[in-house]
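Participant: What follows is a single structure, and I will ask about it in a moment.
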Amino acid sequence: MKTQYPYNPNRLVIEESALNAAFTQKILSAFPDVPKQIVGQVNEIKKSGHSQYKKKEFIITDYKGDMIKTCPGCVGTVNCNYLVANIVQGCPFGCTYCFLQDYMNSGSIVICGNLEKFFEQLTQVQRNGFLVRLGTGELADSLAFDPILGLTDEIIPHLKNVPNVIMEFKTKSNYVENLLKHDGSEQIVIGWSVNPQIIINHDERGTASLDERIEAARKAANHGYSVAFHFDPIIMINDWESHYIDVVNKIFAAIPAYKIAWISMGVLRITPSLKSIIQERYQNSKLLAYGEFTMSQDGKFRYFRPLRVKLYRTILNAIRSYSTKVPVYCCMETDQVWQEVFNAQPSEQSELSLIFDRNTVYAGSCQES
Amino acid sequence: MNILNKIRLTEIDFQDKTYIFSYPASNAQLERTIKEFGFISPPVLKKKGASYRIVSGYKRLLIAQKAGIKEINAFITDIDDYKAFKFSVLENTAHRALNIFEISSIIHKLLNEFKILKSDIIANYLPLWGYQAYDKIFKQLVILANLSLGQRDALFNAQIESEKSIILSEFPEDIWDVAITILIDMKPGANKFKHLSETLREIVQREKITYKQLFSEPNIKDIFLDPVRTSSQKFELLRKKLNERRNPVITIVEEEYHKKYAQLQLDKKIKLIHPPGFEGKEFKVELNFKDKNQLHKYAVDLLNIAENPILDELLNFL
Ligand code: SF4
């Protein structure tokens with residue numbers, strides 16, 4: 001796998017105090033020939049811009065803060081208590097709209113070597129009688145580095161000790177080989193961000209094709225995992241209705257509805273600074289030419305509200321033509337939009353018919369990946 | 001180099017522009033000064049076979065040539081080509097503010113003739129002219145080097161500011177003449193011109209047409225030919241038409257909203273302001289008044305508005 005895999009590191013930088021951690025050692029032994037540099041503290045590494053070159057530099061840290069956090073949510077959108085674990089920050093893929101371009105100081109891939117701390121905190125997030133949703137794909141693609149880091153190999157065995165945690169790995173890859181080595185479990189949700197192939201071709205560089213993603217989802221579902229799909233970011237390309245309905249058709253042709261834990265929908269959202277980055281880096285991308293944008297209360301450009309509602313309703317109806325039961329929710333949306341799409345306030349909708357039919361702490365995801 | 005040499009003008013190769021980036025080549029002020037005081041700062045030349053290349057002082061030498069001067073004092077240097085060019089750049093930068101056309105021409109030469117790395121130009125040259133060391137600015141300046149002499153002359157003679165000229169780099173070159181016409185005839189501010197460039201790009205990308213096709217559509221072309229409107233009215237009309245085309249749904253909703261709003265017949269001193277993009281739950285009221293009587297009147301107006309069924313229709317826009 002390592003030889004065909006395109007995202008091997010060409011330099012490893014290790015924070016001294018992370019050096020002896022088991023996960024660090026695992027990574028180091030996987031790349032004996034890659035140049036290494038040991039630094040006292042990670043912030044000694046010169047910060048530089050996001051670049052393709054830097055994406056090949058892995059920085060292994062001894063992360064000091066909380067490794068599991070509540071997703072911060074956004075002003076004016078429905079608040080959600082989805083938890084996020086940022087074990088890896090950075091992504092080898094090159095989505096035009098990726099907010100990491102604006103968010104991360106360095107283009108390098110940052111990996112927390114001290115995974116033990118994550119496992120410790122994992123046991124603390126369980127709340128009495130509630131299921132907790134925890135995602136790893138906020139600042140990274142959860143599976144993009146799995147063929148070389150084997151993070152799922154580390155995490156999955158630990159999840160047995162925390163039965164109330166539903167763990168979501170969210171990806172645009174088809175790297176499921178590691179997952180298939182373990183027993184499938186409904187406690188583990190593999191979520192695929194999906195888009196029409198034409199968008200993948202133009203604006204999701206390096207990611208798996210739609211068919212590959214759905215095929216990987218089929219394998220994961222057959223193996224006993226729950227799967228999820230995220231229509232995110234929805235982009236209002238010409239003839240978007242038929243393109244997105246096709247995606248729904250493909251999903252339900254391959255995956256039985258009862259295997260789908262949830263489906264989320266979220267339109268493209270762009271901060272003004274990300275807009276400038278996109279304009280500069282991707283001059284041929286039509287991403288900003290589609291739809292009609294207005295500034296939302298959280299300071300991000302989104303499509304004009306009636307257009308968003310139309311997009312969501314179209315996709316929702318297509319989903320509902322296959323299943324009335326699959327939980328569907330809007331991501332980073334206002335309660336006005338929820339009301340117009342679902343004829344229900346978010347609290348009613350998210351109370352949740354979602355996942356949930358069980359006592360999940362919350363529904364709604366703030367993930368961007 | 002610090003010894004002055006007497007050089008005949010016929011020995012100088014005026015056609016060799018290796019180190020020359022001055023624009024425009026003529027300068028009336030300099031001409032007057034030279035006529036009155038002569039050559040106070042001598043040019044710098046470099047030997048090239050039997051003749052001399054101009055390193056610095058091109059404009060002064062042109063003036064001398066025009067004035068029929070036969071011989072001048074000049075410094076002769078034998079430094080290598082890149083150093084000679086760098087010297088010329090630094091010397092000129094120290095003495096005067098270079099215009100954007102000169103800067104783009106320097107960058108073009110550094111990159112293509114002297115093979116200097118882009119990263120070096122960004123780090124070491126852009127700050128010389130007060131620019132931040134950004135890749136984006138570098139790219140914009142490189143593109144501007146492709147302006148034809150006629151286009152430069154048009155922009156220069158109309159005294160179009162650099163911050164506006166640089167936005168031309170965001171238009172495809174085959175539409176520069178139109179964009180320059182907009183800049184010169186319609187006199188937009190830099191921000192509005194930039195916004196126009198974005199709107200145009202988004203329209204042509206989405207509709208899969210060319211800029212030329214868009215500008216040849218009668219309703220757009222007619223704006224340029226309009227003999228009655230002022231320059232700013234023309235620009236506003238162009239902007240409006242393009243915005244409507246770029247954002248048709250928003251335009252319709254806003255028009256409906258404004259129609260309803262007009263039916264409220266509000267005094268101009270009272271404004272009901274909807275949240276941006278009609279996203280949000282609250283309207284804002286803005287009220288300007290001079291004295292108690294006016295405040296009282298507007299308070300009564302507001303109470304009346306609260307009873308007006310049209311207000312419900314406006315509130316429904318949220
Ligand atoms: S959007 Fe997600 S998959 Fe795409 S580059 Fe960013 S983190 Fe990676």
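The values are calculated or read from the model by the stated rules, or taken from the named source; none is laboratory data. Just so it is clear, the model here is predicted, and its values are computed rather than measured. Glycine gets a Cβ as well: all are built from the backbone with ideal geometry, and neighbour counts include every protein chain shown.
Participant: Could you grab me the full set of residues in the stretch B:272-290 that are at the interface with another protein chain (Cβ under 8 Å from one of its Cβ atoms) and more than 17 Å from residue B:313 (Cα to Cα)?
Facilitator: The one that is at the interface with another protein chain (Cβ under 8 Å from one of its Cβ atoms) and more than 17 Å from residue B:313 (Cα to Cα): B:276.
Participant: Here is a further query. Taking the stretch A:124-147 as the region of interest, how many residues are modelled with pLDDT under 95 and either within 16 Å of the ligand (Cβ to nearest atom) or within 14 Å of another protein chain (Cβ to nearest Cβ) (or both)?
Facilitator: So the count comes out to 6.
Participant: Would you confirm whether any residue within the stretch A:188-209 is closer than 22 Å to residue A:132 by Cα, touching a helix residue (DSSP H, G or I) at 6+ places or on another chain (Cβ under 6 Å) and either within 16 Å of the ligand (Cβ to nearest atom) or part of a loop (DSSP other than H, G, I, E, B) (or both)?
Facilitator: Let us first name the residues in the stretch A:188-209 that are closer than 22 Å to residue A:132 by Cα, namely A:188-193.
From what's left, touching a helix residue (DSSP H, G or I) at 6+ places or on another chain (Cβ under 6 Å): A:190, A:192.
Remaining after also requiring either within 16 Å of the ligand (Cβ to nearest atom) or part of a loop (DSSP other than H, G, I, E, B) (or both): A:190, A:192.
Yes: the stretch A:188-209 contains one or more residues that are closer than 22 Å to residue A:132 by Cα, touching a helix residue (DSSP H, G or I) at 6+ places or on another chain (Cβ under 6 Å) and either within 16 Å of the ligand (Cβ to nearest atom) or part of a loop (DSSP other than H, G, I, E, B) (or both).
Participant: Using the structure shown, decide if residue A:293 is in contact with a strand residue (DSSP E or B) (Cβ under 7 Å, 6 or more places away or on another chain), surrounded by fewer than 22 Cβ atoms within 10 Å (Cβ to Cβ) and within 19 Å of residue B:253 (Cβ to Cβ).
Facilitator: The answer is no for residue A:293.
Participant: So residue B:200 ticks every box in (1) outside any helix (DSSP H, G or I); (2) under 23 Å from residue A:238 (Cβ atoms); (3) aliphatic (A, V, I, L, M) but one. Which box is left unticked?
Facilitator: Unmet condition: (1).
Participant: Identify all residues within the stretch B:204-222 that are in a helix (DSSP H, G or I) and either within 12 Å of another protein chain (Cβ to nearest Cβ) or under 18 Å from residue B:176 (Cα atoms) (or both); write none if there are none. Steps first, please.
Facilitator: Let us first name the residues in the stretch B:204-222 that are in a helix (DSSP H, G or I), namely B:204-207, B:211-215, B:218-222.
Within the stretch B:204-222, B:204, B:205, B:206, B:207, B:211, B:212, B:213, B:214, B:215, B:220, B:221 qualify.
Participant: Exactly one condition in (1) buried (at least 20 other Cβ atoms within 10 Å of the Cβ); (2) more than 23 Å from residue B:248 (Cβ to Cβ) is not met by residue A:305; state its number.
Facilitator: For residue A:305, the exception is condition (2).
Participant: Return the residue satisfying two criteria in turn: it lies in the stretch A:263-273 and is touching a Lys or Arg at 6+ places or on another chain (Cβ under 9 Å) and surrounded by 20 or more Cβ atoms within 10 Å (Cβ to Cβ), and of such residues it is nearest to residue A:201 (Cα to Cα).
Facilitator: By that ranking, first place goes to A:268.
Participant: Give the number of residues within the stretch A:274-292 that are within 8 Å of chain B (Cβ to nearest Cβ) and not in a helix (DSSP H, G or I). Walk me through how you get there before you give the answer.
Facilitator: If we filter the stretch A:274-292 for residues that are within 8 Å of chain B (Cβ to nearest Cβ), which is where we start, we get A:279-280, A:286, A:288-290, A:292.
So of that shortlist, the ones also not in a helix (DSSP H, G or I) come out as A:286, A:290, A:292.
Result for the stretch A:274-292: 3.
Participant: Can you tell me which residues in the stretch B:182-191 are loosely packed, with under 14 Cβ neighbours inside 10 Å and touching a residue at least 40 places away in the same chain (Cβ under 8 Å)? First the steps, then the outcome.
Facilitator: Filtering the stretch B:182-191 for residues loosely packed, with under 14 Cβ neighbours inside 10 Å gives B:185, B:189, B:191.
Matches in the stretch B:182-191: B:185 only.
Per-residue answers, yes or no, for (1) among the hydroxyl-bearing types (Ser, Thr, Tyr); (2) within 14 Å of chain A (Cβ to nearest Cβ); (3) without any contact (Cβ under 8 Å) to a residue 12 or more places away in the chain:
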site	(1), (2), (3)
B:102	no, no, no
B:111	no, no, no
B:119	yes, yes, yes
B:122	no, yes, no
B:134	yes, yes, no
B:139	no, yes, no
B:142	no, yes, no
B:145	no, no, no
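Participant: When residue A:214 is evaluated against the numbered criteria (1) under 24 Å from residue A:164 (Cα atoms); (2) more than 16 Å from the ligand (Cβ to nearest atom), which criterion, by number, is the only one it fails?
Facilitator: Just one mismatch for residue A:214, condition (1).
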